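Notes for the one structure printed next.
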Amino acid sequence: MGIQRPRSGSTGSRHFNRLRLGVPATLVLTSGNRPCLIDDISCTGTRLRSETALTAGETAVLSFHELRLFATVRWARERECGLHFDRPLDLEDMQGMLWITENRALYDRMCAAGHAMDWADGIRD
């Protein structure tokens with residue numbers, strides 16, 4: 001499976017591949033940081049879940065590893081919402097997301113090891 005740019009003449013409103021991730025991230029809002037789960041992502045936006053409801057029109061920064069993605073909440077239903085990124089994700093970033101989907105067990109082990117190292121270094125509680 002590869003990452004592709006939009007197809008000309010495509011039907012519907014979705015023009016980019018979406019990757020199903022199910023990975024934790026942080027949503028940075030003016031009211032504070034909120035943990036969230038990225039359900040799926042494309043180069044133009046993402047669908048995520050949060051423990052607290054968001055409001056359409058809010059601006060946010062989605063923080064995932066080294067990525068900081070400025071976005072606007074396009075729609076919100078209960079604890080689920082859709083974000084539209086201010087700028088499309090680079091192809092390299094999307095390929096990194098694809099790597100996560102194809103190597104999930106390794107990704108989870110790397111995250112666990114990173115959290116353990118941070119804790120040992122006194123960075124995390």
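The values are calculated or read from the model by the stated rules, or taken from the named source; none is laboratory data. Here the structure is a predicted model, which means the values were calculated and not measured. Cβ atoms come from the backbone with ideal geometry, glycine included; neighbour counts cover every protein chain shown.
Please count how many residues of segment 19-33 are over 27 Å from A105 (Cβ atoms) and either loosely packed, with under 12 Cβ neighbours inside 10 Å or not aliphatic (A, V, I, L, M) (or both). Can you show your working first?
Of segment 19-33, the ones over 27 Å from A105 (Cβ atoms) are 28-33.
Add one more test, that the residue is either loosely packed, with under 12 Cβ neighbours inside 10 Å or not aliphatic (A, V, I, L, M) (or both), and what stays is 30-33.
Here the count works out to 4.
This table checks each residue for (1) over 19 Å from G22 (Cα atoms); (2) modelled with pLDDT under 90; (3) among the charged types (D, E, K, R); (4) touching a Leu at 6+ places or on another chain (Cβ under 7 Å).
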site: L83; (1), (2), (3), (4): no, no, no, yes
site: D90; (1), (2), (3), (4): yes, no, yes, no
site: G114; (1), (2), (3), (4): no, yes, no, no
site: D125; (1), (2), (3), (4): yes, yes, yes, no
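Give me the residue from segment 51-67 that is assigned to a strand (DSSP E or B) and of a type in the set (G, A, S) and, out of that set, nearest to the chain's Cα centre (by Cα).
Initial filter on segment 51-67 (assigned to a strand (DSSP E or B)): 59-64, 67.
Still in the running and of a type in the set (G, A, S): 60, 63.
Numbers: A60: 12, S63: 8 Å.
It comes out as S63.
State all residues of segment 58-81 that are out of contact with any Leu (no Cβ under 6 Å at 6 or more places or on another chain) and among the β-branched types (V, I, T); if no residue qualifies, say none.
Of everything in segment 58-81, those that are out of contact with any Leu (no Cβ under 6 Å at 6 or more places or on another chain) and among the β-branched types (V, I, T) turn out to be T59, V61, T72.
If you scan segment 41-57, which residues turn out to be surrounded by fewer than 17 Cβ atoms within 10 Å (Cβ to Cβ) and touching a Leu at 6+ places or on another chain (Cβ under 8 Å)?
Initial filter on segment 41-57 (surrounded by fewer than 17 Cβ atoms within 10 Å (Cβ to Cβ)): 49, 51-53, 55-57.
Within segment 41-57, R49 is the sole residue that qualifies.
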